[in-house]
Structures are given as structure tokens and as C-alpha cells.
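Quick one: this structure, given as C-alpha cells, is what I'll be asking you about.
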Amino acid sequence: MARRRIALLPLVTFLLTVAAGAYAQVERIAAMDVSGASAELKHAVEDKGYRVTLDNSWIAEFWFTKQLKTATREVPGALYPELANAEFVGVVNLPKGMADYRGQAIPAGAYTLRYQLLPQDGNHMGVSPNPDFLLAIPIASDPNPEQGYLYKKLVGLSAKSTGTNHPAVIALDTAGEAATVAKEAQRMVFSVAIASPGGGEKLGIIVKGAAAQ
């Protein structure tokens, strides 16, 4: 995983990237102040967040945990085996909602993001080239970032985001340069650096793009 570990350097406050004709903007924003966020959530995330804008219309605001709780693990096929299932990664606010990796609608609102490896069973094989996902949970249903969840409970909480039997899944990909958005095939990947015991961890979050149907 050394290829994704970096020192956390000061970031520019405003950055534009243009990839294959797609417009993407990343900018730093103030501390999290979204309706319904608990004091514990506000304390757990960084003092500044990121606003990601695609094609002048789609917007997502992210505030990431002050430090990921990484550990050395052997997980075949995983991009981020050092992250634990159900680990709190951050909060996202979606002013206009979004479609998740399954194409399900996630309504406008704020959600916690927790890491989860997709089970490698008959129901999930072939869904994504990588088994790493963030599950979105309405912040009112997940006020304590230190709370751990077993898989079934985590999926049930995330399903509240979609109003279906399926969780709201945001796929992870290989990270690029921190605080940028890049086009990878038919996907737009937002890369971010988050502090960790090893110095820093970069995550690549697919903000636009869905699994092949």
C-alpha cells in the first residue's frame, strides 16, 4: 500500500481540473455545519471540508475524519485492506442528491460514510472490479463515529438512505493526486488525502459512474 501513502502537504484552497471535456472543481470549505449532525460527528471530522462540483451542477460536500484507524491486513483483491469494515471515514452533504454505484437515488441530505468490503459471494461477484465501498447512512441514524457495526446492521442502516433493501454504495477506486477529480473510463474519481497513523492515506472516491447493468 506504500504507493498510496503520502505526507499531508498544505493544499491550495481552490483547484480546477478538466478531464476529457468534463468540468470538475474542488475547493476547500469551512467546518461542517449541516442540520442534524451530532456534536460527536462535528468533533470527529477535520475543521475544513471539500466541495466537489461536476459540470457546474452536481455538488457534494465532504468532511473527512481527522485520522483513519489503519492497520496492516491481508485482504486479497482489496484496494484498501488497511481500513476496517464499518470504519468511519467522514460525512458527505448532497444538496441535490446523487445516484450511487448501483444507480439508486440517494436523496438530498447529509450522510455518514463508512468503509465496507463487498462480500465475495454469488450475489456480489462481478458487481465492481474492486470490493471496496463507502456506505452512506443518514446522519440522524449514525450519530456516533466511534460506534462499530456488524455487516447486517451496517447494511440495514445504509438502506435507509435509498428506501430499498439495498445499501447506498459509493465505490472506491485507485487514488490519484490529492484534491483533484479525474476521469477514469466512464467514472469521475475524487481523490483525497486523509491523516492516518502511517502519515497519510489517499482514497479515490467514485463520485460519478455506475456499475454495468
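Readers should treat all values here as calculations from the given coordinates under stated rules, not as data from a laboratory. Remember, predicted model here, so these are calculated numbers, not experimental data. A quick note on method: Cβ atoms are made from the backbone with ideal geometry, for glycine too, and the neighbour counts reach across all protein chains shown.
So how far apart, in nm, are the two label points at Ile59 and Ala195 if each is 7 Å from Cα heading toward Cβ?
Placing both labels 7 Å beyond Cα along the Cβ direction yields 2.8 nm.
Could you grab the relative contact order for the range 102-213? Cα pairs under 8 Å, six or more apart, rounded to a whole percent.
Working: 190 pairs, mean separation 24.8, N = 112.
Dividing the mean separation by the residue count of the range 102-213 yields 22 percent.
Pairs of lysine in the range 2-208 with Cα under 20 Å and at least 8 positions apart or on different chains: total?
Taking the range 2-208 as the scope, the lysine pair count is 12.
Quick one: grab the alpha carbon gyration tensor of the range 37-86, order the square roots of its eigenvalues as a ≥ b ≥ c, and give me rounded if a/c is under 1.5, else prolate or oblate depending on whether a/b is larger than b/c.
Note, shape of the range 37-86 comes out oblate.
Report the calculated FRET efficiency for Ile29 and Thr174 (r = Cβ-Cβ distance, R0 = 25 Å), to the nearest 0.05. Spell out each step's value before the answer.
Details: r = 25 Å, r/R0 = 1.02.
Efficiency at R0 = 25 Å is approximately 0.50.
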